[in-house]
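In what follows, a single structure is set out as structure tokens and then discussed.
FYI, it's all coordinate maths here, none of it is from the lab. The structure presented is a predicted model; accordingly, all values stated were derived computationally and were not measured. Here the Cβ positions follow ideal geometry from the backbone for every residue, glycine too, while neighbour counts run over all protein chains shown.
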Amino acid sequence: MAVRVRHHVNPLRLRLMHIAPSRLQLPVDAPKALEVELGCADAQFLFQKARVDSQTSYIGVELREPLVDDVNQRAQAEGLPHLRAVFAHINVDLPSLFAEHSVRRFFINFPDPWFKRAQHKRRVVTPELAEVLCQLLQHDGELFFQSDIWDLALDAMAVLECCPLLYNVAGEWSFLRQNPYGAVSQREERVTAFGDPVWRMLYRLREGREVQPARALSSAVADGSLLGA
């Protein structure tokens, strides 16, 4: 049965800024390749990928704890040990959560748009987040973003195009024509059913970029220096 939770959660609420999850611990026999969806919600996207690929560990990061519990229960019921969700704050906890891991691919699927100008500071894609993701990605790592909200997609592209560690696979200031991953989120399913456009972008790390050790990155976030605190 579907879990009913609030659709929008203010990520700047004080209690959510101090979740401090433990470092991600994968089973000894878990696949080492790691792909992460940021704001996974019901994790339909990850479930579709995990069902056809048992050689990758799929991790969903979600701020709504009831959804995390539901995803983990369904993954266990389906016999998908390489899929799990974790309760964590995308803009705060990633360095400590993935301190022992390199991520092959990050997905950001249809994040909350926060339409009002005063709420734009709640949007997930920021220069600080882009920097953190670059440091957590492996050398050939990718960052995929998609939204059906034009100004949100353009806002995210403005951030990512200005990140010197990333390059746009489709070309500068260009969107992808299709979703290349063979999996769709619940939101994408609904949007495309109505024939509405989806704005997608795929970024990859530039060769030769300098990697900051994950432990040092975690410390930088903890003392607030990376987040501009």
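Numerical summary
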read-out: Most to least packed among 76-84, 152-160, 21-29 [average Cβ atoms within 10 Å]; value: 152-160, 76-84, 21-29
read-out: Cα centre as origin, Lys/Arg/Asp/Glu Cβ charges: segment 30-222 dipole, Debye; value: 60
read-out: Compactness of segment 30-222 - radius of gyration and Dmax, Cα, Å; value: 15.9, 46
read-out: Distance (nanometres) between label positions extended 7 Å along Cα→Cβ at Glu65 and Gln138; value: 3.3
read-out: Full-stretch length increase - Gln55, Leu154 - with 0.36 nm per residue and alpha-carbon distance subtracted; value: 32.3 nm
read-out: Cα-projected label distance for Leu80 with Ala30, points at 7 Å along beta-carbon direction, nm; value: 1.5
read-out: Mean Cβ count within 10 Å, highest first, over the residues of peptides 139-147, 177-185; value: 139-147, 177-185
